[in-house]
Amino acid sequence: MFFNNRYITGLFLLALYVATATPLAELIKVPVLFEHYQEHRQESPDISVLDFFLIHYFNGNKRDADYSRDMQLPFKTIEAASAALAVVQYPADWAISDTPNPSPLRKQILPASLLSPPNPFVAIPAEPPEA
């Protein structure tokens with residue numbers, strides 16, 4: 001079956017992440033954009049969509065009579081929270097067994113030099129100057 005629990009859970013978590021941790025959450029404010037455009041159309045019926053976008057997005061944040069309403073538009077003030085996601089998947093040979101006191105590590109521990117790449121910004125110490 002294509003829609004199993006893992007697939008649905010994955011889609012839910014992806015949607016939750018996109019909605020909370022990226023600027024795409026600003027798309028929720030799109031209805032405010034249409035409403036505010038209609039408000040401007042009532043004030044001046046000859047305003048075009050291009051003029052509306054130029055006034056609100058390419059003209060700076062001028063404090064006019066409807067400044068608070070302007071700040072409710074999408075992508076005017078972006079509030080993106082940072083989130084960290086960690087997925088831990090243990091190898092199959094690390095599984096808990098029925099034997100008492102199983103060895104927690106069954107693999108060879110790698111030296112620290114192999115765990116992180118060399119840093120090109122760390123200088124190699126030179127020999128001291130000769131007298």
Q: Identify the residue in region 70-85 that is in contact with a Phe, Trp or Tyr (Cβ under 8 Å, 6 or more places away or on another chain) and at pLDDT below 80 and, among all such residues, is farthest from His40 (Cα to Cα).
A: Leu85
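Here is a yes/no grid of residues against (1) at pLDDT below 90; (2) assigned to a helix (DSSP H, G or I); (3) surrounded by 13 or more Cβ atoms within 10 Å (Cβ to Cβ):
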site: Phe2; (1), (2), (3): yes, no, no
site: Thr9; (1), (2), (3): yes, yes, no
site: Leu16; (1), (2), (3): yes, yes, no
site: Arg41; (1), (2), (3): no, yes, yes
site: Asn61; (1), (2), (3): yes, no, no
site: Ser68; (1), (2), (3): yes, yes, no
Q: Kindly list, by first and then second residue, each pair from a residue in region 26-46 that is over 30 Å from Leu16 (Cβ atoms) to a residue that is surrounded by 10 or more Cβ atoms within 10 Å (Cβ to Cβ) and among the β-branched types (Val, Ile, Thr), limited to pairs with Cβ atoms under 6 Å and residues at least 6 apart or on different chains.
A: His40/Ile47
Q. Out of Tyr17, Tyr37, which single residue is over 19 Å from Arg69 (Cα atoms), aromatic (Phe, Trp, Tyr) and within 30 Å of the chain's Cα centre (by Cα)?
A. Tyr17
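The values are calculated or read from the model by the stated rules, or taken from the named source; none is laboratory data. No experiment lies behind these values; they were computed from the predicted model shown. Positions of Cβ are generated from backbone atoms using ideal geometry, with glycine treated the same way; all protein chains shown enter the neighbour counts.
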